[in-house]
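The values are calculated or read from the model by the stated rules, or taken from the named source; none is laboratory data. A quick note: this is a predicted structure, and the numbers were derived from the prediction, not measured. Ideal geometry is used to build each Cβ from the backbone, glycine not excepted, and the neighbour counts take in all protein chains shown. Note: accessible area is taken over every heavy atom of the protein model, side chains too, but ligands, DNA and RNA are not part of it. Shrake-Rupley method; radii C 1.70, N 1.55, O 1.52, S 1.80 Å.
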Amino acid sequence: MKRSVMLVLLVLALALGAFALAGCGAKEEPAAPAGESTGSLPAGVQAIKDSGTLRVGVKADVPNFGLQDAATGEFEGMEIDLAKAIAKRIGIAEDKIKFEAVTAKTRGPLLDNGQIDLVIATFTIKPERLEQWNFTSPYYQDEVGLLVKKSSGITGLAGLDGKTIGVAQGATSRDAVQAEADKAGITVKFLEFATYPEINAALESGRVDAFSVDKSILSGYVTDGSVILPDGFSPQDYGIASKKGTDDLTTYLNEMLTEMQGDGEMEALLTKWSLN
Ligand code: GLU
């Protein structure tokens, strides 16, 4: 081959290579941070991203799920980590998550008045609640249980005939225990409290004979002097709640939960917080 022809071919090859490289470069998107979904977000999710913060109602008094450190004010638990995973996926920095302490009684109204975007707070999915709020598919399942003092000698539900049971306002516990008591043919009374530490204190002082709520919540309150009875009833599926009608947000969160449940991330989260 003549040297001039070779030169032309070489120049052509170099030009083609440079063109290809430039083409690739133009098409390349900036890489999304790990865990953040690429592409456009559904309108409801984009609106949260545009607001710059993710406001999440969480428990402050439920060890392993949502617990606030009294000294630092920091929240920790499985549901806190779940909120962080959501923020990461949306593209909101962790320090832009605003955690709001909620109780069984306050979480719904806080969603309704727009003070929070999500509730991730041991919130059981119930048909009547689905009429008021959006819920994702379940991320955890529990059952209702009873915590009693060892010194009471009570070993099962039957031993609670005529006794008083402490429950949280706005929780599913009262109806669940009542249904179970009816089945067992026993009579029980209830005292309602705003928070779990208050119910536990009432158990300690003898104002109530048993503390009833979901077993995983009870497990955070067991002491050397108390025991969770083996009875368990009324399965509780926990879902992430948002305002009624925020369907694209719910779908987005469901996709995330499905992924986390499929790739082992949810299992790892439950293991981290001793919940499986
Ligand atoms: N999980 C139950 C409920 O949603 C117990 C109460 C609570 O979550 O604090 O009512």
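The angle between the Cα long axis of helix 78-90 and the main principal axis of the chain comes to about 30°, on a 0 to 90 degree scale.
Between the Cα long axis of helix 3-27 and the first principal axis of the chain there is an angle of about 20°, rounded to the nearest 10.
Label-to-label distance for L270 and A179 is 2.2 nm, based on points extended 7 Å past Cα in the beta-carbon direction. The 3J(HN,Hα) values that the Karplus relation (6.51, -1.76, 1.60; θ = phi - 60°) gives for region 263-274 are, in residue order, 9, x, 5, 5, 4, 5, 5, 5, 5, 3, 9, 6 Hz. Gly and Pro appear as x. For the chain, the mean residue ellipticity at 222 nm estimated from helices alone is -11500 deg cm²/dmol, where every DSSP H run of n ≥ 4 contributes -39500 (n - 2.57) and the total is divided by all residues, rounded to the nearest 500. Quick check: Cα centre of region 71-147 to Cα centre of region 168-226, how many Å? If you average the Cα positions of each part, the centres end up 22 Å apart. Set the Förster distance to 25 Å, then compute FRET efficiency between D81 and Q115 from the Cβ-Cβ distance, nearest 0.05. It comes to 0.65.
Rolling a 1.4 Å probe over the protein heavy atoms of region 83-201, with every protein chain left in place, gives an accessible area that is 48 percent carbon and sulfur.
Taking amide H as placed 1.01 Å from N in the peptide plane, D61 has its amide H under 5 Å from the amide H of Q68, each at least 5 places away in sequence or on another chain.
Indicate, rounded to the nearest 5 percent, the antiparallel portion of the DSSP beta bridges found entirely in region 142-276.
Numbers: 9 of 16 bridges.
Beta bridges within region 142-276, antiparallel portion: roughly 55 percent.
In this structure the amide hydrogen of L191, modeled in the peptide plane, comes within under 5 Å of the amide hydrogens of I165, G166, V167, none closer than 5 places in sequence on its chain. Using a ≥ b ≥ c from the Cα gyration tensor of region 217-257 (square roots of the eigenvalues), is it rounded, prolate or oblate, where a/c under 1.5 gives rounded and otherwise the larger of a/b and b/c decides, a/b for prolate? Note, shape of region 217-257 comes out prolate. Close amide-amide hydrogen proximity is noted between V208 and L203, each under 5 Å apart and 5 or more residues distant or on a separate chain (H modeled in the peptide plane; Pro and chain starts excluded).
Where both bridge residues fall in the chain, DSSP classifies roughly 60% of the beta bridges as antiparallel. In this structure W273 has an accessible area near 40 Å², from a 1.4 Å probe over the protein heavy atoms. With both labels modelled 7 Å from their Cα along Cα-to-Cβ, the A158 to E74 distance reads 4.9 nm. Straight-line reach from K105: taking Cα to Cα under 21 Å and skipping same-chain neighbours fewer than 8 places apart, the lysines in range are K59, K126, K189, K215, K243, K244.
With protein chains left intact and a 1.4 Å probe, residues in the chain average 51 Å² of accessible area per residue.
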